[in-house]
1. Which one of A147, A108, A187 is at pLDDT below 95 and under 30 Å from S244 (Cβ atoms)?
2. Suppose we filter region 62-86 for residues that are at positive phi and in a strand (DSSP E or B); how many remain?
3. For region 278-303, which positions are part of a loop (DSSP other than H, G, I, E, B) and surrounded by 14 or more Cβ atoms within 10 Å (Cβ to Cβ)?
4. Check region 312-329 and report whether any residue there is among the β-branched types (V, I, T), crowded, with 19+ Cβ neighbours inside 10 Å and either closer than 21 Å to A248 by Cα or in contact (Cβ under 8 Å) with a residue 60 or more places away in the chain (or both).
5. Considering only region 192-215, I want to know if a residue exists there that is surrounded by fewer than 24 Cβ atoms within 10 Å (Cβ to Cβ), without any contact (Cβ under 8 Å) to a residue 24 or more places away in the chain and assigned by TED's automatic domain parsing to the domain that holds F278.
6. Hey, M255 hits all of (1) among the aliphatic types (A, V, I, L, M); (2) surrounded by fewer than 24 Cβ atoms within 10 Å (Cβ to Cβ); (3) in contact (Cβ under 8 Å) with a residue 40 or more places away in the chain but one; which does it fall short on?
7. Which residues, taken from region 59-85, are over 23 Å from D125 (Cα atoms), at pLDDT 95 or above and not aromatic (F, W, Y)?
8. Take K112 and tell me if it is basic (K, R) and more than 30 Å from L288 (Cα to Cα).
Amino acid sequence: MYFILCAVALVPARAEPPAHPTVLDTAAVPHLGAEGREDYARFLQQATPRAFALSPTGAWGWASALPDAAATEARALELCASWGGSGCKLYARDLSVVWPGRESAPPAAALKPVRSGPGWSLVPDDRFFWQGPGQARGAYVWAHGRAAGGQDSRGSQPQPHVRVFNNAGYDVLRFDRDPATDETDAAAEWLHSALRTLRAQGYQKVIVGGQSRGGWNALQALDAPGLVDGVVAIAPAAHGARGSPAWAWALEDLMRVLTAARSPAARVVVANFAKDEFDPDPDRRAALFRTLNAPRVGGLLFLDRPPEVSGHGGGAESGFTLRYGACLLAFVEGGAARCD
C-alpha cells in the first residue's frame, strides 16, 4: 500500500485539446481555499481506489489505495469530519465527480486487449482516463516487473508517476505477461509488436515505461528507430536479486542492450536507486547508463540514486512522484534535461 503526494503537472495544450475531465479541474471544487486546492491537486496523483470528501464549511479529507472502495470512502469522510467539517460528502471518487448537482464521469476505457498473443496482452487500464488515439496526447505503455517467486503481476496498477502523464492527456495501457512464459527476450519481441500496433492506430506519441524487468524491456524497445518517442525505465533489471548466478553476466547484457539503441528521436529516463537488491554493481551500472546518449537516443535523464527514496521499489514511493513526476513528463516531451 502506498500514498502519493504530488503537484499536478502543467503542460502545453495541443492545438485541438481533448475534453478536460471534470475531476481534474481544481478550480471547480466548491468551498475550498488555496490550501485545499493544493491538497486536491495532490489527491489527483493518487492510485485508485481513491476518494475526496468535502464539507460546505471548507474542511476536506481524502484517502487512497486502501483495500477496497468502501474503506477508502469511509476514511475520506472520517478525515473530513476530523478537521471540523460538518455535512461532509464525497466530491470525487476515482475518476469521477460525485458531488450532488455536479456529477461527471469520464468516458469508459475499452476493456478488451488492443493486441495480444500467447502469454501476453496490451490492454487499456480503466483506472486511468481514456481518450483514444484520435484525441489523446499520446499513449503510455506500462510494463510490470517479473516477480522472483513467479507471482502473477498481470492487472497490477502502474506506478503513480504514470498518473502525471495520464492527467496530461496520455492514455495508459498495461503490457501484461503470463509469468509462466515471461522470458526476457520473448517479452521484448511481444513489446515491439504491441508498440507497432499503437503507432498504426495513430497515437501522436508512444511512451513505454516499466519497473524492474519491465524497465529492462522498455530499454530494449530502443533498438528499433521510430518505435517509441520516450522510455521511462525504473530500476531496470533482468538478472535476479542478490545471490543470483546470473549477476556474473548482468553488466555485459546491460551493455549489449544499451549499445543496441538506435532511436535518435527518443527521450530516455533511467532511475536507479540506492540499496537495490537487484543491482549487482551500482557504480558500474551508472557508468553504463551514462553512455546512453546522442546520437543513439535523443537525450538521457539519469536519476542516479536520488536521495528521496531507495530500494528496488523506490519508484512506487510518494517521494519519487512528488519530486520527479512532473519532471519526467517535461523531459520526455522535450523539456530541460535536469530535474532542478
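The values are calculated or read from the model by the stated rules, or taken from the named source; none is laboratory data. All figures in this text were calculated on a predicted structure; none of them were measured in a lab. Virtual Cβ from ideal backbone geometry, glycine too; neighbours counted across all protein chains shown.
1. A147
2. Residues in region 62-86 being at positive phi and in a strand (DSSP E or B): 0 in total.
3. Listed by number, the residues that qualify are F278, D279, P280, L292, N293, R296.
4. yes
5. yes
6. Against the list (1) among the aliphatic types (A, V, I, L, M); (2) surrounded by fewer than 24 Cβ atoms within 10 Å (Cβ to Cβ); (3) in contact (Cβ under 8 Å) with a residue 40 or more places away in the chain, M255 comes up short only on (3).
7. A59, G61, A74, R75, A76, L77, E78, L79, C80, A81, S82
8. yes
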